[in-house]
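**Q** This is the structure, below, for whatever I ask next.
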């Protein structure tokens, strides 16, 4: 007979570590452990059998896979985090002792770590990084809008870095003509670009003044950790994309020689997105951009693919040849980005932002984007269109230049539809509606056919009844004629008796009909009884409780059921004790008069 295995030493119980066990194994604080898990991409797991995984305990705990924790034990960053733990301890000690020299020395020698190896580890190929670029871009565009606040303290550098990286990415999309879909929503501007066959979608927030979300329970420490990882990833991606396209990295303007030597001014001009970037003389990655050699298609397939490619190339040059001027009220950056992606020349008022290439007085401007009603005193130029900003986005989504008459200032704009809803789904919905309409029409036709057949049957039955009545009347007339021939003398008496009998029968039938009909009454109306507000309140509370119970997570539902069972059991016991007490009091009351009566008899 084999040795009996002790409980909790094998199976599901050995596959998981609780968070406290993981902290003891790694010798890290909770915040450091959280940062490591975010950087390495390790998340809590839900076991199949929680009670077995927790060695018989049913209390909800955060569990991690044992293999993941063992994987973290070999991470080099952990040594730096342990050094940081000691560094902060020494720093607080120097601050409390007011030792300024030691405080400065510690700050200068602060231990730092890099996460380059984690990026290579999590994304072994470049395509893997592109597939996971949606969230990094959205977070970086969000951080690029943050101002210098105390809540970000030393992470202000992350905001500056996010701003620089997002501008570099937008410049790449402009140079590669990779933008495909755009959409304006309440959250912000949605953009979708195609890079190396991968569709990348991100959100750019609207340019509103920043208000700090006090009391919103937003943990900026977690966001800062994600921002640190995402900025590093986006830096790697931008470097590779610029290298593939043959552009200088960091980006350099094509007209850099004629520009001012000041770095700040050149950075502002790069941020305007209005100037082209210079390319390197040698393009080392032209071979990387070329696809694999496949056998050429023949016949109709080749013609259709050639037509699609020609249409696609035409779409890339949608705004080429247009000269667009953006007014002050129009958001400059997103609209300049969209117009430049499709080949348009863009400018704005030079007093608002540097980098403008032409002024509003230029007579070669073809379109002026206006988002407020034009003043009557303002002189309009006859050879340009004044359109609202939606025209640009709708043209991109429709893949053609729409008539500007529908987008004049003050005109009622057409609906701004989302391009992210596939046309196939809309067609399927329309087909379903058409099928439903056809089925309803067929049902109605069948009902009409049934009605017509029923009416024809009723008419046939009525005609048969009429024919039978006519035949009966003819027979009665013949019998009457025969009776008249047999006895002419008694005819008058019998006729009078029959007439009187018929009249009596008719009167009886009328009385029966009147008696069978419901009597005409005017019943007294009753006042509408309004529901008791307390009952309504109780019903609403019960409904809210039921909805809250439905929202309980699966792993907490068992515990909630146990708590409710205990409450019901305690309530039942309490009621039993109350009824028992009432019964005892009742028995005592019944016993007291009997005792008093017995005492009177003895006297």
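None of the figures in this text is laboratory data; all of them are computed from the coordinates on show. Computed from a prediction, not measured in an experiment: that's the story for all the values here. Backbone-built Cβ (ideal geometry, glycine too); neighbour counts: all protein chains shown.
**Q** Report, in whole Å, the centroid distance computed from the Cα atoms of region 35-93 and region 204-243.
**A** Comparing the Cα centres of region 35-93 and region 204-243, I get a distance of 24 Å.
**Q** Grab the alpha carbons of region 11-108, take their convex hull, and tell me the volume per residue in Å³.
**A** Enclosed volume per residue, from the Cα hull, is 106 Å³.
**Q** Moving to a separate point now. Of the listed peptides 166-172, 393-399, 369-375, what is their order by residue-averaged count of other C-beta atoms within 10 Å, with the highest listed first? Walk me through the numbers on the way to the answer.
**A** Details: 166-172: 22.6, 393-399: 18.0, 369-375: 14.3.
Result, highest mean first: 166-172, 393-399, 369-375.
**Q** Want the number for residue 121 to residue 52: 0.36 nm per residue separation, take away the alpha-carbon distance, what's left?
**A** Extra length from residue 121 to residue 52 when fully extended: 21.5 nm.
**Q** Using the beta-carbon distance between residue 10 and residue 554 and R0 = 25 Å, what value does 1/(1 + (r/R0)^6) give for FRET efficiency, to the nearest 0.05?
**A** So, using R0 = 25 Å, E works out to roughly 0.45.
**Q** When ranked by the protection proxy of mean other Cβ atoms within 10 Å per residue, highest first, what sequence do the peptides 331-339, 13-21, 39-47, 562-570 form?
**A** 331-339, 13-21, 39-47, 562-570
**Q** Sorted from largest down, give the three principal axis spans of the alpha carbons of region 316-407, whole angstrom values.
**A** Principal-axis extents of region 316-407 (Cα, largest first): 35, 30, 22 Å.
**Q** Using 0.36 nm per residue, how much length does the chain from residue 524 to residue 128 gain when fully extended, once their Cα-Cα distance is taken away?
**A** In short, 134.6 nm is gained.
**Q** If packing is taken as the average count of other Cβ atoms within 10 Å, what order do 231-239, 69-77, 535-543 fall into, highest mean first?
**A** 231-239, 69-77, 535-543
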